[in-house]
1. Would you kindly calculate the mean projected area, averaged across all directions, of the convex hull enclosing the Cα atoms of region 79-143, in square nanometres?
2. Can you grab the distance from the C-alpha centre of region 109-143 to the C-alpha centre of region 12-65, Å, no decimals?
3. Which order results if THR100, THR4, THR138 are arranged by neighbouring Cβ count within 10 Å, fewest first?
4. Is region 59-99 best put as rounded, prolate or oblate by its Cα gyration tensor, with a ≥ b ≥ c the root eigenvalues, rounded for a/c under 1.5, and otherwise prolate when a/b is larger than b/c, oblate when not?
5. When the Kirkwood hydrodynamic radius is evaluated over all pairs of different C-alpha atoms of the chain, what value in angstrom, to one decimal, is obtained?
6. I want to make sure I understand the PRE zone here: with the label point 7 angstrom from the Cα of ASP118 toward its beta carbon, which residues in region 58-78 have backbone N atoms less than 17 Å away?
7. Which residues make up the longest stretch of the chain clear of trypsin sites (Lys or Arg not before Pro) that lie in a DSSP loop with no more than 15 other Cβ atoms within 10 Å, not counting the sites?
8. Straight-line reach from LYS44: which aspartates and glutamates have Cα under 14 Å away, leaving out those fewer than 8 places along the same chain?
Amino acid sequence: MERTYVMVKPDGVARGLMGEVLGRIEKKGLKIVGMKFAVMEEAKAKEHYAEHAERPFFAGLVEFITSAPSLSLVVEGNDSIKIMRAINGATKPAEAAPGTIRGDFAVDTGRNLVHASDSTEAAEREIKIHFGDAALLTYKRCD
Ligand code: CMP
């Protein structure tokens, strides 16, 4: 079963959108098997966004992502990586379709509310960074 890493970023938490994001994931039929509500450590943020280390927005991104609590999730289900990217919508809110989280609630790329892994390699890497060897949960969904 495919797993992906999803984050409700500090802007999503501050705007009271955790429930909205969790609801969309659950109602779609994906299973939340890991959840961590915490202020992300700087080292983890830098590792998570390592591919953007040379970009001009990197320092601001790390500062923002570590500035306040975020909600980290491991989401499981068939094609969960692709489906979560579709639920979130395009990275740039101006390009995100209505009906997606970013299309419905965001206007600024630097405050685009949510993150989801973009490949199987990224999902594996990001789950390891944020959940380490912590046991993920197993339970039966009745749908
Ligand atoms: P995310 O899906 O978490 O992946 C990389 C993040 O970098 C992205 O969402 C945005 O939050 C952020 N980002 C990308 N481009 C810019 C930009 N031009 N200015 C600020 N932040 C950006």
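1. Quarter of the Cα hull surface area: 5.8 nm².
2. About 10 Å separates the Cα centre of region 109-143 from the one of region 12-65.
3. THR138, THR100, THR4
4. Note, shape of region 59-99 comes out oblate.
5. Roughly 15.2 Å, rounded to one decimal.
6. Residues passing the 17 Å test: 58-59, 61-62.
7. Answer - 16-139.
8. Filter leaves GLU63, GLU126.
The numbers here are math on the coordinates, done by the rules we state, and not lab data. Values in this document were obtained by computation on a predicted structure and should not be read as measured data. Cβ atoms come from the backbone with ideal geometry, glycine included; neighbour counts cover every protein chain shown.
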